[in-house]
Amino acid sequence: MINSNSVKEDIRSALETLLGPEVRTIGVDQSFRDFIGERFDSLMAVEVVTTIEERFGIEVDYVGDDVRYWFETLEKMEQFVKERLEDNVTLQAM
């Protein structure tokens, strides 16, 4: 089973490098777009997704995954990452 606190902290740590220390204060259900403001444009959204992919060794399908939904809040990102990590564990066990 994947540790939620660990995943959440790893996401914050990865995004802190990209977005700065203020990411440590964002609420788990607060929108990144609202929190970061005009800096959170489409290029920044791609950078956030790429940062998460690299940190956790997962792949995000921009067509199949609803990235606007899953990468809107820390809570949703955490759920997405945990599901992908659990899928990877299941696939490796086969």
Relative contact order of the chain, pairs being alpha-carbon contacts under 8 Å that are 6 or more residues apart, as %: 39 percent
Identify which of the listed values of P(r) over Cα pairs in 5 Å bins from 0, in percent was calculated from the structure shown: (1) 3, 14, 21, 24, 17, 10, 6, 3, 1, 1; (2) 3, 16, 22, 20, 16, 11, 7, 4, 1, 0; (3) 2, 13, 26, 28, 17, 8, 3, 2, 0. (3)
At 20 angstrom or more along the helix axis (alpha-carbon based) and mean Kyte-Doolittle of 0.0 or higher, what helices does the chain contain? Whole DSSP H runs only. 42-56
Would you kindly state how much longer the chain becomes between R24 and A45 on full extension, computed as 0.36 nm times their sequence separation minus their alpha carbon distance, in nm to one decimal? 5.8 nm
Of G57, L15, F71, farthest towards positive along the dipole that unit charges on Lys, Arg, Asp, Glu beta carbons give the chain: L15
Kindly provide the chymotrypsin sites (Phe, Trp or Tyr not before Pro) of region 1-88 that DSSP labels as loop, not H, G, I, E or B, and whose Cβ sees at most 14 other Cβ atoms within 10 Å. Y62
For the chain, with only Lys/Arg (+1) and Asp/Glu (-1) charged at the beta-carbon, what is the dipole magnitude about the Cα centre, in debye rounded to 20? 200 debye
Only sites in a loop by DSSP and with at most 16 other Cβ atoms within 10 Å count here; which GluC sites (Glu not before Pro) in region 1-76 make the cut? E59
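FYI, it's all coordinate maths here, none of it is from the lab. Predicted model, so just to flag it, every value in this text is computed and none were measured. Using ideal geometry, Cβ is built from the backbone for each residue, glycine included, and neighbour counts are taken over all protein chains shown.
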